[in-house]
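Let me begin by presenting the structure, written as structure tokens, before commenting on it.
All of the numbers you see were taken from the coordinates with simple rules; none came from a lab. Note that the structure is a prediction, hence the values are computed from the model and not measured. In this analysis, Cβ positions are derived from the backbone assuming ideal geometry, glycine residues included, and neighbour counts consider all displayed protein chains.
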Amino acid sequence: MREITEHEDTTGKININTASANQLQSLHGIGPAISERIVDYRNEHGRFRRIEDIKNVSGIGPGRFDNIKDDITVGEVEGKVKK
């Protein structure tokens, strides 16, 4: 069994608040350019509060979001506990 990293939760989802650009590229349809945009957006705007917030990143529209939504998490957000 593969070891879960700090950038994944116990279900193996990628935490978009902590994953590196390289780790984000493991998501379907996310290449180097978009993964860098995700990291840049996160650095500029802070943590994603909901997975849907990733759609604010240029290049992530409804179709691409539908492809990755089941594989990403925001982990625990301040004031909320992940269920």
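If I take every Cα pair under 8 Å that is 6 or more residues apart in the range 14-73, average their sequence separation and divide by the length, what percent do I get for the relative contact order?
Rounded, it is 40 percent for the range 14-73.
Could you list Phe65, Phe48 in order of exposure, starting from the residue whose Cβ has the fewest other Cβ atoms within 10 Å?
Phe65, Phe48
Report the equivalent ellipsoid semi-axes for the range 14-73 in whole Å, largest first, defined as the square roots of five times the eigenvalues of the gyration tensor built from alpha carbon atoms.
Listed largest to smallest, the semi-axes of the range 14-73 are 14, 13, 11 Å.
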